[in-house]
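**Student:** The following block contains the structure, expressed as structure tokens.
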Amino acid sequence: MLSESSAERSAVCAVVQRCREHILASKMRFSLRWQLLPVLLVLAIQQCAGQREVFRLFANCRFGKPNFDPCIKKAFNALRPWFKTGLPEFNVAPFDPHRAEFIEQRRGDLGGLGGYRLLLSNVSEYGWSQSEVTKYRTEPKHDRIVYSQFFPEKSLDGSYDFQAKILGLPRHTRGVWNLTLYDYSQTTTVTRIGGPGGLLKVRVEIDKIGDMKLHISDLFHGAKIVESIADFFINTMWQPSFPFIKPLINDLVSVAFTDIFNESFRYFPLDQVIKS
């Protein structure tokens with residue numbers, strides 16, 4: 001009888017303990033919800049405030065008015081505080097840094113005598129929040145905008161995979177890279193193909209580079225002395241070769257920005273922000 005009584009007490013205690021744990025867990029979940037509520041409210045208020053502020057920046061910009069282009073240029077520069085956060089209420093991803101999962105460029109024929117394939121991956125670009133739009137032009141007949149931009153400093157980094165064939169001899173190397181541009185300016189042309197919601201085609205042209213620093217790892221499969229010499233020549237002799245590599249850089253950047261702009265701006269509600 002004593003054993004049965006002890007077993008019953010143990011069972012009752014176990015049930016009571018489970019009830020206590022359930023009540024405690026319920027209280028914790030309830031408390032956590034109330035702790036999260038102010039955070040969610042703050043985020044919602046910030047989102048609405050951000051949306052209202054964007055509307056305010058473009059409030060005086062009217063399609064077809066003589067001051068439309070200067071107004072847009074001024075508004076673009078006023079948007080710089082949002083480059084690091086993006087505009088989630090408009091589904092616009094952060095611009096500083098830009099992110100590109102991969103960028104690919106091919107030239108020539110890898111199966112023939114000469115050609116190459118360059119794959120850049122996990123690319124990040126920094127410096128937009130310090131940039132300034134210096135010129136802006138709308139071309140409504142072509143559904144196009146053209147703007148020039150100045151960056152005191154712009155930097156990029158990522159990984160690379162380079163395959164080439166020179167006179168039939170194959171070459172393959174991979175590693176990481178980083179590039180810093182000083183006193184840099186570029187002109188970007190954005191064209192919409194089709195009506196609202198149509199694809200955006202982006203073309204970026206380098207206007208000027210004051211100075212450049214480029215470092216590439218494992219360019220010669222870890223031969224440190226050779227790579228140090230190559231690094232020295234790249235960073236001291238880049239200007240004479242720049243006219244030849246400039247079109248390749250323009251193509252690479254244009255491909256990346258076409259993807260980025262379509263992701264953030266293809267369905268941007270322009271008619272809600274800019275009134276006729």
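**Student:** Please work out the average accessible area per residue across the range 61-273, using the 1.4 Å probe convention, and give it in Å².
**Tutor:** 56
**Student:** Within 10 Å, count the other beta carbons around each residue, average over each peptide in 155-165, 100-110, and list them highest first.
**Tutor:** 155-165, 100-110
**Student:** Okay, next question. Per 10 Å bin, what is the whole-percent P(r) computed from every C-alpha pair distance within the range 127-276?
**Tutor:** Calculated over all Cα pairs of the range 127-276, the distribution is 9, 31, 31, 18, 9, 2, 0 percent.
**Student:** Given R₀ = 22 Å, what would the calculated FRET efficiency be for F220 paired with D259, taking r from the Cβ atoms and rounding to 0.05?
**Tutor:** Efficiency, rounded to the nearest 0.05: 0.10.
**Student:** Could you tell me the center-to-center distance, by alpha carbons, between the range 184-222 and the range 107-150 in angstrom?
**Tutor:** Spelled out, the Cα-based centre of one part sits 2 Å from the other.
**Student:** Of all accessible surface on the range 63-155 at a 1.4 Å probe, what whole percent is carbon and sulfur?
**Tutor:** On the range 63-155, the fraction of accessible area on carbon and sulfur atoms equals 55 percent.
**Student:** Just round it to a whole percent: the fraction of Cα-Cα distances in the range 200-276 exceeding 21 Å.
**Tutor:** Across the range 200-276, Cα pairs with separations above 21 Å total 53 percent.
**Student:** Using only C-alpha atoms and all pairs of different ones, pull out the Kirkwood radius for the range 150-209 in Å with one decimal.
**Tutor:** Mean inverse Cα-Cα distance, inverted, gives 15.0 Å.
**Student:** What is the gain in length, in nm to one decimal, between E53 and N77 on full extension, counting 0.36 nm per residue of separation less the C-alpha to C-alpha distance?
**Tutor:** Value of the extension gain: 7.3 nm.
The values are calculated or read from the model by the stated rules, or taken from the named source; none is laboratory data. What you see is a predicted model, and the numbers here were worked out from it, not measured in a lab. Reconstructed Cβ throughout: ideal geometry from the backbone, glycine too, with neighbour counts over all protein chains shown. Protein only, heavy atoms only, side chains kept; ligands, DNA and RNA dropped before computing areas. Shrake-Rupley method; radii C 1.70, N 1.55, O 1.52, S 1.80 Å.
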